[in-house]
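Comments concern the structure below.
The values are calculated or read from the model by the stated rules, or taken from the named source; none is laboratory data. From a predicted model like this one, the values you see are computed outputs, not experimental measurements. Note that each Cβ is placed from the backbone with ideal geometry, even for glycine, and that neighbours are counted across all protein chains shown. Accessible surface is based on the protein model in full, side chains and every heavy atom, while ligands, DNA and RNA are left aside. Shrake-Rupley method; radii C 1.70, N 1.55, O 1.52, S 1.80 Å.
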Protein chains: 2
Amino acid sequence: MTDTDITRRLAAWTVALRPDDIPEAVRREGVRTFVNWLGCALGGARHETVDRAIAALAPFSGPARAQVLGRSERLDELHAALMNGISSHVLDYDDTHLKTIIHPAGPVASAILAVAEARPVTGEAFLAALVAGVEVECRIGNAVYPEHYDRGWHITGTTGVFGAAAAVGRLLDLDERQMTWAYGIAATQSSGFREMFGTMCKSFHPGRAAQNGAAAAFLAKANFDSSLQAIEAPRGWANVLSTKQDYGEIVDDLGTRWEAKLNSYKPYACGIVIHPAIDGCSQLRERLGERVTRIRSVELGTHYLVLELTGKRTPQTGLESKFSVYHAAAVALLHGDGTPTAFTDERARDPEIIALRDRVQAKVEPGIEEDAVRIAVTLEDGERIELHVEHAIGSLERPLSDEAITEKFRRQAEPVVGADTAARAIEAGWALAGTGDAGAIARLCAA
Amino acid sequence: MTDTDITRRLAAWTVALRPDDIPEAVRREGVRTFVNWLGCALGGARHETVDRAIAALAPFSGPARAQVLGRSERLDELHAALMNGISSHVLDYDDTHLKTIIHPAGPVASAILAVAEARPVTGEAFLAALVAGVEVECRIGNAVYPEHYDRGWHITGTTGVFGAAAAVGRLLDLDERQMTWAYGIAATQSSGFREMFGTMCKSFHPGRAAQNGAAAAFLAKANFDSSLQAIEAPRGWANVLSTKQDYGEIVDDLGTRWEAKLNSYKPYACGIVIHPAIDGCSQLRERLGERVTRIRSVELGTHYLVLELTGKRTPQTGLESKFSVYHAAAVALLHGDGTPTAFTDERARDPEIIALRDRVQAKVEPGIEEDAVRIAVTLEDGERIELHVEHAIGSLERPLSDEAITEKFRRQAEPVVGADTAARAIEAGWALAGTGDAGAIARLCAA
């Protein structure tokens, strides 16, 4: 292997992968990824972020061939991919590849479900495309994480565009050369900043990645050409967007090491890094009972990313409150809640929550893992209660069960599409691999 | 001024600018910018890059409200902006802000002409939007050039998206807060690599910048929010995409120092950095007469960017040949040509050109300016002829006259839309400032 052949080798693998090549455990994780994503897309469908994106851009939509999940609108495939990518991520409740903090499904599933409506594909082909797309974006993420993320890139956007190109490219039967171009066209659209966290642009990133990655595949299918070394060239994606480039993470052990198997699903509707604090504070709430109203102070010892990403002291809106470990800890202690209802505008402005939030302190605990936290609560009478969360719920060590994913889906979908439709969508989601027409699942999810 | 207020201050200026605030000389340069751009968009309209982009993406177009210049297709405004951005740049024959090598008109004019078809605007409002957009992108470029460009970013794409957002934002009457959001939405879509030079993705960049910048303005109009410090935040655009950040270039002397006045127009259809070599070789051809067939060697002493950007020794296609100073010098010596006909697939494969191309040497001349070159031709009999170009034609010191811009327009447009339409379009272009409906110019340019 030379470092001049990364994009082409990845493209070769992407187009050659057969559904039978995917181990059963990876396929199963792919289905879990899909079901979790579908529930999140339904759960976020009525968010004002989606309302405004549709108000602005639906006038530019092509023919109504693809469903905006959980709503009445149908748009062209690319615009539906954008909107579903936004809704699936807007509650920060989706999935996480923990090694890179990529949220893999948004860019990939949003793109292929929309495309699958206009040119029907089997569940088997859909699942293989989904797994390939997730694999590609996570491997590219591994190659540059954490330096790329530390520089300020929202890695779900920047790598998601490759995942969407890979997955849609498979549905379009791109050949190896076209897939290499598709990666180039994707690379040169790669974008999205962490600076946008707490604003509507955060969920715009996976949406745009889905839309732009799909467009890259359609362009490549029409022989719109590009660099053949877009990832590894001296001024290619990895060098321009990162100071770390570990190309072995992209092309080594393709087909035997599976990043797509390492996806995890959020029990809480916020950045994965504050899940340990929510988990721990929810446990402490159980222990404290009515004493929860007599807290003098809360001390959190956390991974450094917790403060870097979620250090907002005075969030003003629901979206901002997802980036406040202080808010999240207070709500978990007072209400035992980390689901979307914990991060509404009302919660962000609730005086009781604000009063407790202001008594939460957080500092970096050297050496602590990302999925761990140490918490010490001191009561007004001076009593001190401590808790150590080694692995937060939702981590690879404590994954959400299929039943928990179903329950999470149901709670998100029922208020949006009603119990009957939610039940049918859940059933269809779990049955993905055996269906003859994956796009039918989208039509099922109309409001 | 603090460095925490750059995006907002730029937005405030963008929305407050009145047409009367723009000095006459800047307005005149704006008209020249428009006419030159329109001719280039017509000249590139039949390029296979445009053919393939339309084949791939027209199926996703919304209602046919905006003209693809020089063609029969009408698309929605955002897709028309994309296609016209591609066609205006695909021949590398457009315009250049020499301080940054930004090609300013492509992202900006492509966006607003398309938008002006669907919601009519006067020529005066159109011209003010064009000037504002060009001003914004060039100022943002100044703040990060050359470090940003050296890292590998195609600066026309990365800054063009701001220019398009500014100009379309004016047509949509964004308020200051919305314009600040529009810049944020633009920033987080900023993309495009120099790695793509010589491929179809190069002209895709200004097209996508036009489309995405326009989308940013429409989103902001619908109150889709974003960071309010997208350019200057610690992990904002300037810090993530560059190691240089000179914010004074963005906000100092707004309304008195005009970057939009510094636009220049290419006499040759390739990267601006090899214009001195073409100019010089064309002059040498005159001097050499029939001795041009007896050249033993050609030595070029150039700015370092010439070799970095246009050092392709063996270009295989017309697009690649634009990135070969060797090819360009050979064609200029043999045919006195630097227009689009110098960079076709046929020319790239012409044995006579290849034979001379292989006898051209180029080396960096320390201290030489970007618009200069030293050339030495040695004949087979040992005679040596030298030439020093101090300022290439098309530079600010030797700008193209209005007549030369008209002639360049005519030569590009006539083969595409015929002499009558070309003449009407030229007339309408120069009359931009006084027209009541700028969008009518687009409809005039249908094939």
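Per residue of peptide B:228-241, the mean number of Cβ atoms on other chains within 10 Å of the residue Cβ is 4.
Projecting the Cα atoms of B:Ile353, B:Leu334, B:Thr378 onto the charge dipole of the range B:322-393 (Cβ charges, centred on the Cα centre) puts B:Ile353 farthest toward the positive pole.
Under a point-charge model restricted to the Cβ atoms of Lys and Arg (+1) and Asp and Glu (-1), what is the dipole moment magnitude of the range A:245-402 relative to its Cα centre, in debye to the nearest 20?
Computed charge dipole of the range A:245-402: roughly 580 debye.
Could you work out what % of the accessible surface of the protein assembly as shown is carbon and sulfur, using a 1.4 angstrom probe and leaving DNA, RNA and ligands out of the count? The value for the protein assembly as shown is 48 percent carbon and sulfur by accessible area. Among B:Asp402, B:Asp381, B:Asp350, the residue with the largest mean-square fluctuation in a Gaussian network model of chain B, with springs joining Cα atoms closer than 10 Å, is B:Asp381. DSSP bridge analysis restricted to the protein assembly as shown gives an antiparallel fraction near 75%, rounded to the nearest 5. In the range B:272-389, Cα pairs under 8 Å separated by at least six residues give a relative contact order of 39 percent. Computed from point charges on the beta carbon alone (+1 for Lys and Arg, -1 for Asp and Glu), the dipole magnitude for the range A:293-376 about its Cα centre is near 340 Debye.
A Förster distance of 30 Å, applied to the separation of the beta-carbon atoms of A:Gln283 and A:Ala447, puts the FRET efficiency at 0.25. Peptide B:180-193 is shielded by partner chain Cβ atoms: per residue, an average of 6 of them sit within 10 Å of its Cβ.
Compared with the dominant principal axis of the Cα atoms in chain B, helix B:155-171 is inclined by about 40°. Residues considered: A:Val68, A:Val90, A:Val364. Largest GNM mean-square fluctuation over chain A, using C-alpha springs under 10 Å, is found at A:Val364. Compared with the alpha-carbon gap, the fully stretched path from B:Thr243 to B:Ser297 is longer by 15.4 nm at 0.36 nm per residue. With Cα atoms as the point set, the range A:85-218 shows a radius of gyration and Dmax of 13.5, 40 Å. When B:His391, B:His89 are compared by accessible surface with a 1.4 Å probe, the order from highest to lowest is B:His391, B:His89.
Hey, what did chain B get for relative contact order, percent, Cα under 8 Å, at least 6 apart? Write down the numbers at each step before the final one.
On the way: 1002 pairs, mean separation 98.4, N = 447.
Relative contact order here is 22 percent.
Stokes-Einstein, applied to the Kirkwood radius of the protein assembly as shown over Cα pairs at a viscosity of 1.306 mPa s and 10 °C, places its translational diffusion at 57 µm² s⁻¹.
What you get for the protein assembly as shown, charging only the Cβ of Lys and Arg (+1) and of Asp and Glu (-1), is a dipole of about 780 debye around the Cα centre. Quick one: work out the % antiparallel among DSSP beta bridges in the range B:272-389, nearest 5. Just about 70 percent of them are antiparallel. By Cβ position, the chain A residue that hugs the axis carrying A onto B most closely, with its distance in whole Å, is A:Ser191, 2.
Once the Cβ-Cβ distance of A:Ala431 and A:Thr256 is raised to the sixth power relative to R0 = 30 Å, the FRET efficiency obtained is 0.60. For A:Arg294, inter-copy separations between label points set 7 Å beyond Cα along the Cβ vector come to 10.9 nm, shortest first. Between A:Arg411 and A:Glu48, the modelled label-to-label distance comes to 2.4 nm, taking each label 7 Å out from Cα in the direction of the beta carbon. Once the C-beta distance of B:Val364 and B:Ala64 is scaled by a Förster radius of 45 Å, the resulting FRET efficiency is 0.35 to the nearest 0.05.
Considering every residue in B:42-53, what mean count of other chain Cβ atoms within 10 Å of its Cβ is obtained?
Average per residue, whole number: 2.
Relative to one another, the C-alpha centroids of the range B:3-19 and the range A:1-56 are positioned 40 Å apart. Rounded to whole numbers, the Karplus 3J(HN,Hα) couplings from phi for the range A:302-311 are 10, 5, 4, 5, 4, 6, 5, 9, 10, x Hz, using 6.51 cos²θ - 1.76 cosθ + 1.60 with θ = phi - 60°, and x at Gly and Pro. P(r) for chain A: what percent of alpha-carbon pairs falls in each 20 Å bin, starting at zero? Percent of Cα pairs in each bin: 28, 56, 15, 1. The range B:251-320 and the range B:368-447 have Cα centres separated by 14 Å. The modelled label-to-label distance between A:Ala423 and A:Ala25, using points 7 Å beyond Cα along the C-beta direction, is 3.5 nm.
Against chain A, whose longest principal axis comes from its Cα atoms, helix A:6-16 is set at around 80 degrees.
From Cα pairs below 8 angstrom and at least 6 apart in sequence, can you work out the relative contact order of the range A:1-81, rounded to a whole percent? Show your work: numbers first, answer last.
Numbers: 41 pairs, mean separation 15.1, N = 81.
Here the relative contact order equals 19 percent.
Angle of helix A:275-288 to the longest C-alpha principal axis of chain A, folded into 0 to 90 degrees and rounded to 10: 30°.
Counted over the range B:272-389 with a bin width of 10 Å, the fraction of Cα pairs per bin, in whole percents, is 15, 53, 30, 2.
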